[in-house]
1. Report the calculated FRET efficiency for GLU33 and ALA55 (r = Cβ-Cβ distance, R0 = 30 Å), to the nearest 0.05.
2. Compute the FRET efficiency between ALA45 and ALA25 as 1/(1 + (r/R0)^6), taking r as their Cβ-Cβ distance and R0 = 30 Å, and round to the nearest 0.05.
Amino acid sequence: QVFAIGAKAAPLMEAHLGFVTTLDARLGRAAVEYINIYYLLGTVAVVVGTLAACAGAVWTLGSFWRGFQERRDEELVRKAMSLNQAISLDDADSDEIMI
């Protein structure tokens, strides 16, 4: 019985140390260890959820910024084209006057 494994070894070890843990105390200890696993999993879930929310926020801000840049670029192209058209019309008018 000295080489007993698992549940049989624990009472012998505790009796050797001079005290005996009751079954209720051992079940309570096991329940605390069991619930600690859920606390750990819950903490991991909160961390993963927070990181996902941060990634979503960064992606959303990036998409808004890209949309703003595209609208600004389109406006600049539109202004450049209208300016180019105005310059070409001025050149055409000056050619007609010179003829």
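Where a number appears in this text, it was derived from the coordinates with a stated rule and is not lab data. Small disclaimer: the values here were computed from a predicted structure and weren't measured. Reconstructed Cβ throughout: ideal geometry from the backbone, glycine too, with neighbour counts over all protein chains shown.
1. Numbers: r = 33 Å, r/R0 = 1.11.
It comes to 0.35.
2. On the way: r = 31 Å, r/R0 = 1.02.
Calculated transfer efficiency: 0.45.
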